[in-house]
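Peer 1: Once you've had a glance at the structure underneath, I'll fire off some questions.
The values are calculated or read from the model by the stated rules, or taken from the named source; none is laboratory data. Bear in mind that the values here come from a model prediction, so they are computed numbers and not experimental data. Note: ideal-geometry Cβ built from the backbone for every residue, glycine included; neighbour counts use all protein chains shown. We work out accessible area using only protein heavy atoms, side chains counted, and drop any ligands, DNA or RNA first. Shrake-Rupley method; radii C 1.70, N 1.55, O 1.52, S 1.80 Å.
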Amino acid sequence: MDKYQQLLKKYWGYDDFRGIQRDIIESICTNHDTLGLMPTGGGKSITFQVPALSMSGVCIVITPLIALMKDQVEHLRQRGIKAAAVYSGMMHADVITTLENAIFGGVKILYVSPERLSSELFQKKLSHMKVSFITVDEAHCISQWGYDFRPSYLKINDIRRIKPDAPILALTATATPRVVDDIQDRLGFKQKNVFRMSFERANLAYIVMKNGDKLRTIQRLLDEVDGSAIIYVRSRKRTKETAKALNDCGIKATFYNAGLESAVRDARQKDWQEDRVRVMVATNAFGMGIDKDDVRQVIHLDCPDSPEAYFQEAGRAGRDGKPARAVLLYDGNDRAKLLRRIGETFPDKDFIRTVYEHLAYFYQIAMGSGAGCRFEFNIDKFCLYFRHFPIPVNSALNILARAGYIDYDGERDNMSQVTMLIGRDDLYRLNSLNEVENNVVTTLLRNYGGLFSDYCYIDESLIAMQADISRETVYDVLKGLSQRRIMHFIPRKAIPHIRYTQRREEADLLVFSREVYDDRKQEYTERINAMINYAENDDVCRSRQLLRYFGEARSTDCGICDVCKSHAPGTTDKTALAAAAEAIAALLGDGEPHPITEITKIRQDLNIVKEALEFMISEEKAFVRDGKITLAPANH
């Protein structure tokens, strides 16, 4: 048993590694920049946690998921591993303490949110750390061709310049071949070095169900299969409505979305994870890093806008290796909804220019001025005033931000802040607090250090839960104590901000480069079309379609998806099949893509022609994409 196995056995209790875990560990431990492609549930965390313990110094782990980093830090500490995290919302003093502990050897694994990378404090402290290597989780976020591009990830190269000798370990569960190359280029890999685990999930049945009554279908699916389930929808409103409908039918369900208080989200996730609630109805805000292996079904009530998003969300089913299914409910309206998202996400350039001009009217910004000015942005008020719809306005502002004209944080959510205005001794001598006020103050002091010296970010719903009162009561108490000058309370404000990064330009002079607009729109359109093709292609195994999208050219039919089950091997005459295959090959002989409907021109039994085409596709003698078929090259 080598040192890696010894660490694995000591801290996690496993006898050996699985899949490509050892390959990745050995690569990063020999100082090579490394990209690991591992599906959801493939054991990504082991690939950086084991080498972090085997190497000298601290491993920096960059992840956008604050809830996940908190959870992993807690689990690592329970195993006796020195771990810590630095993220938005922490007190300044706590950030300094954590970073200095990392400098002096008190931390082996340090989780950092990407937004923290550009702070002067972090970069200064990092320069004094001994860094073993840098892990980039959800690495597809650094690629502008990735489905979940995040500008904050571009700051990773800043810390690479500070620590040029520290190798990079990039990890992702969803990357097309183009994104794989882009990740390595953007992270400055010294040489290409990729380890791939097959994305195939042999226990997971991918199913597309075309049924108009989606809610009734969900009820039937939940009746058919016992156990835990996730239902994904696109809007916060639909999470609540769907959960209520299921509860009304006697199915215990709860809902989760980004609009809920963090303590409420945590409580609901815990109820679901511990099986007090069977079904979680959620937007895509739910799921990253969930530690629940026995999810038997993931059902999509609404169609995601990319195979990457679908694959990642569907992959949360059956992580224990037992039979599970991922069901996409698709009806006649879904194609139109998906295509409509293209225009909503990438509105016309003239509309973007109009929004830019209206923004200047909204804030009274004169031509040639405004650089550096920052404003709160009420999108509802703006849309009402100028008669726009919120979704395309939000998209236009995001494009203006990518083009460099503004900074726009559409998801900004400033937490409440509190600081004490009287000293600790004066507070203890205070006799005017009633029982509820005393309970709130005690809970505050128990959870947040440094209240007497600085402002602290607080979570009112957490205080409410611990003090056993309503959130509204907490708010009223804090407001009352603030009015009496015992503390200063700054209430939470969930409102976006806009900052002009340069002076106001003539709208006609705005430039949107191909990289900012045209290329990204084309990439997004291709993803939408790929998702439509997946849902509507009933001739090729679902698993095989997904695997090919992610670059796995060679694969076999899964045998358990809806396509495979509907096309089970029959007793068709082999001579007739061969003749049909020859006719198809002749039709496609020019090497050009042909609409799949052209096979109806072949003067043979259409069912036999379809079976022959399915066989040719399964053997990769022909390919289907966007509703068109192409004959494979002769040397394929």
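Peer 1: Restricting attention to segment 460-491, report how many residues are surrounded by 17 or more Cβ atoms within 10 Å (Cβ to Cβ) and assigned to a loop (DSSP other than H, G, I, E, B).
Peer 2: Count: 2.
Peer 1: Still on this structure, I have one more. Being more than 18 Å from Arg484 (Cβ to Cβ), of a type outside the set (Gly, Ala, Ser) and loosely packed, with under 14 Cβ neighbours inside 10 Å is the filter here, so list the residues in segment 435-459 that pass it.
Peer 2: Once the filter is applied, which keeps residues that are more than 18 Å from Arg484 (Cβ to Cβ), of a type outside the set (Gly, Ala, Ser) and loosely packed, with under 14 Cβ neighbours inside 10 Å, segment 435-459 yields Arg446, Asp454.
Peer 1: Okay, moving on. Quick one: count up the residues across segment 100-114 that are part of a helix (DSSP H, G or I) and free of Cβ contacts under 8 Å to residues at least 40 places away in the same chain. It would help to see each step written out before you state the result.
Peer 2: Of segment 100-114, the ones part of a helix (DSSP H, G or I) are 100-103, 114.
From what's left, free of Cβ contacts under 8 Å to residues at least 40 places away in the same chain: 100-101, 103.
Within segment 100-114, residues that are part of a helix (DSSP H, G or I) and free of Cβ contacts under 8 Å to residues at least 40 places away in the same chain number 3.
Peer 1: Between a residue in segment 133-154 that is in a helix (DSSP H, G or I) and any residue that is among the small types (Gly, Ala, Ser) and open to solvent by less than 40 Å² (accessible area, probe 1.4 Å), which pairs come within a Cβ distance under 7 Å, given they are 6 or more apart or on different chains?
Peer 2: Once the first residue is in a helix (DSSP H, G or I) and sits in segment 133-154, its partners that are among the small types (Gly, Ala, Ser) and open to solvent by less than 40 Å² (accessible area, probe 1.4 Å) give Ala139/Ala170; His140/Gly146; His140/Ala175.
Peer 1: Right, here's the next one. Any residue in segment 206-224 that is charged (D, E, K, R) sitting within a Cβ distance under 7 Å of a residue that is surrounded by 20 or more Cβ atoms within 10 Å (Cβ to Cβ) and not in a loop (DSSP other than H, G, I, E, B)? List the pairs, counting only those 6 or more apart or interchain.
Peer 2: Taking only residues 6 or more apart or on different chains, the pairs are Lys214/Leu329.
Peer 1: A further question follows. How about segment 368-377: which of its residues are farther than 20 Å from Phe351 by Cβ and assigned to a loop (DSSP other than H, G, I, E, B)?
Peer 2: Selection gives Gly368, Ser369, Gly370, Ala371, Gly372, Cys373.
Peer 1: Somewhere in segment 370-390, is a residue at pLDDT 95 or above, of a type in the set (Val, Ile, Thr) and farther than 18 Å from Ser513 by Cβ?
Peer 2: There is no residue in segment 370-390 that is at pLDDT 95 or above, of a type in the set (Val, Ile, Thr) and farther than 18 Å from Ser513 by Cβ.
Peer 1: So which residues in segment 249-275 are open to solvent by 60 Å² or more (accessible area, probe 1.4 Å) and without any contact (Cβ under 8 Å) to a residue 12 or more places away in the chain?
Peer 2: Listed by number, the residues that qualify are Gly250, Lys270, Glu274.
Peer 1: Which of the following residues is touching a Phe, Trp or Tyr at 6+ places or on another chain (Cβ under 7 Å) and under 30 Å from Ile560 (Cα atoms): Thr217, Thr254?
Peer 2: Thr254
Peer 1: Any idea which residue in segment 157-188 is farthest from Thr40 (Cα to Cα), counting only those that are open to solvent by 50 Å² or more (accessible area, probe 1.4 Å) and basic (Lys, Arg)?
Peer 2: Arg161
Peer 1: Hey, among Tyr385, Tyr356, which residue is open to solvent by less than 30 Å² (accessible area, probe 1.4 Å), part of a helix (DSSP H, G or I) and farther than 28 Å from Val233 by Cβ?
Peer 2: Tyr356
Peer 1: Next up: Using beta carbons and a limit of 7 Å, which pairs, at least six apart or on different chains, have the first residue in segment 575-598 and free of Cβ contacts under 8 Å to residues at least 40 places away in the same chain and more than 13 Å from Val624 (Cα to Cα) and the second one of a type outside the set (A, V, I, L, M, F, W, C) and in a helix (DSSP H, G or I)?
Peer 2: Leu577/Glu611; Leu587/Glu598
Peer 1: Under the condition of being under 30 Å from Ser143 (Cβ atoms), part of a helix (DSSP H, G or I) and in contact (Cβ under 8 Å) with a residue 12 or more places away in the chain, which residue from segment 492-518 is most open to solvent (accessible area, probe 1.4 Å)?
Peer 2: For segment 492-518, the residue satisfying everything is Glu515.
Peer 1: If a residue has to be open to solvent by 10 Å² or more (accessible area, probe 1.4 Å) and either under 20 Å from the mean Cα position of the chain (by Cα) or not aliphatic (A, V, I, L, M) (or both) to count, how many in segment 99-131 make the cut?
Peer 2: Of the residues in segment 99-131, 17 are open to solvent by 10 Å² or more (accessible area, probe 1.4 Å) and either under 20 Å from the mean Cα position of the chain (by Cα) or not aliphatic (A, V, I, L, M) (or both).
Peer 1: Just give me the residues in segment 318-329 being at pLDDT below 95 and either farther than 18 Å from Gly559 by Cα or hydroxyl-bearing (Ser, Thr, Tyr) (or both), in sequence order.
Peer 2: Result: Arg319, Asp320.
Peer 1: Moving on to the next point. Of all residues in segment 520-544, which are polar (S, T, N, Q) and assigned to a helix (DSSP H, G or I)?
Peer 2: Gln522, Thr525, Asn529, Asn533, Ser543
Peer 1: Provide a single number: the residues in segment 532-548 that are over 12 Å from Tyr206 (Cα atoms), open to solvent by less than 40 Å² (accessible area, probe 1.4 Å) and not hydrophobic (A, V, I, L, M, F, W, C).
Peer 2: 2
Results for (1) loosely packed, with under 11 Cβ neighbours inside 10 Å; (2) modelled with pLDDT under 80, shown as yes or no for each residue.
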| position | (1), (2) |
| --- | --- |
| Ala586 | no, no |
| Gly589 | yes, no |
| Asp605 | no, yes |
| Val609 | no, no |
